[in-house]
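The values are calculated or read from the model by the stated rules, or taken from the named source; none is laboratory data. Everything numeric here is computed off the predicted structure, so don't read it as measured data. In this analysis, Cβ positions are derived from the backbone assuming ideal geometry, glycine residues included, and neighbour counts consider all displayed protein chains. Only protein heavy atoms, including side chains, enter the accessible area calculation; ligands, DNA and RNA are left aside. Shrake-Rupley method; radii C 1.70, N 1.55, O 1.52, S 1.80 Å.
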Amino acid sequence: MKKSLLVLASAAALMAGQVSAQTAPAAAPAQPAMNPGPVIPGVCVYSVEDAIAGSDMGKAAGERMRQLSAAVEAEIKPERTAIETEGKSLQDQVNAKTLQGEALQTKAQAFQGKVQGFEQKVQLRGQELQATEAKAQRQIATDLEPQLRAVYSEKGCGILVDRNSVLFANPAMDITGQVVTKLNAVKKTMTFDRERITPQARPTAAAPAPAAATKKN
């Protein structure tokens, strides 16, 4: 029982830390200098990921996601603190042997229910943040598409290659920056709220059928 209380309290703290970690961007590795090679006429290179991140809309979306993540953290922090405090109190009572037997079992089960409910809430908020970020990126990609088509025509591209599909390409063939410039000229910001996901309702056990009445002779 002592071990279970410690594990439950630790799990609550660890789960809460996942919300902010889910939206943290990975650091890009440094690229070594190299000879870019010749420009191939008609071949253009584009990165939608870099276009989203480099656009004013993308930067606004990133700032908005930081705000939403902070709001989620502010929401769950008091609950996390309360659970950690309750877990420590229960552990202290166990250590002091002031809580034993059925009373300990009852409180431990109630505490476990609180921890599980908190974990589910943290997971749900993390899923909502992921859904929000994905929706914002889809919107930016949609707004980028007409600008990409315009630059494709202006540059006389005969083929457009995803930059992630090639190892190296001459930077002069990359039209990502020009697409971003066009998008920034028409849209500079965006705002949105956190997506809401309805938790899946747990199936309830069927009520037992009433016993058949016995007929008296």
Counted residues in the stretch 140-157 being out of contact with any strand residue (DSSP E or B) (no Cβ under 7 Å at 6 or more places or on another chain) and more than 22 Å from G62 (Cβ to Cβ) come to 7
Number of positions in the stretch 83-103 that are surrounded by fewer than 13 Cβ atoms within 10 Å (Cβ to Cβ) and in a helix (DSSP H, G or I) | 6
Going through the stretch 162-186 one residue at a time, which ones are under 20 Å from N35 (Cα atoms), of a type in the set (A, V, I, L, M, F, W, C) and open to solvent by less than 60 Å² (accessible area, probe 1.4 Å)?
-> V166, A169, M173, I175
Enumeration of residues in the stretch 62-103 that are hydrophobic (A, V, I, L, M, F, W, C) and under 19 Å from the mean Cα position of the chain (by Cα) | M65, L68, A70, A71, V72, A74, I76
Starting from the stretch 129-152, take each residue that is closer than 17 Å to A185 by Cβ and aliphatic (A, V, I, L, M) and list its partners that are in a helix (DSSP H, G or I) and open to solvent by 70 Å² or more (accessible area, probe 1.4 Å), counting only C-beta distances under 8 angstrom and pairs at least six apart or across chains.
-> V151/Q178
Counted residues, the stretch 57-76 - those being more than 16 Å from D143 (Cβ to Cβ) and open to solvent by 20 Å² or more (accessible area, probe 1.4 Å) = 8
Right, G54: under 19 Å from the mean Cα position of the chain (by Cα), at pLDDT 95 or above, surrounded by 13 or more Cβ atoms within 10 Å (Cβ to Cβ) and on the phi < 0 side of the Ramachandran plot or not?
-> no
If you check E133 against the conditions, is it out of contact with any strand residue (DSSP E or B) (no Cβ under 6 Å at 6 or more places or on another chain), farther than 29 Å from P199 by Cβ and either modelled with pLDDT of 95 or more or among the hydrophobic types (A, V, I, L, M, F, W, C) (or both)?
-> no
Return only the number of the condition from (1) surrounded by 13 or more Cβ atoms within 10 Å (Cβ to Cβ); (2) more than 28 Å from the chain's Cα centre (by Cα) that T106 does not satisfy.
-> (1)
Odd one out for K114 among (1) crowded, with 16+ Cβ neighbours inside 10 Å; (2) at pLDDT 95 or above | (2)
Look through D162, D174 and report the one residue that is in contact (Cβ under 8 Å) with a residue 60 or more places away in the chain and in contact with a strand residue (DSSP E or B) (Cβ under 6 Å, 6 or more places away or on another chain).
-> D174
When you go through R149, R80 one by one, which is the residue that is among the basic types (K, R), assigned to a helix (DSSP H, G or I), out of contact with any His (no Cβ under 9 Å at 6 or more places or on another chain) and within 27 Å of D193 (Cα to Cα)?
-> R80
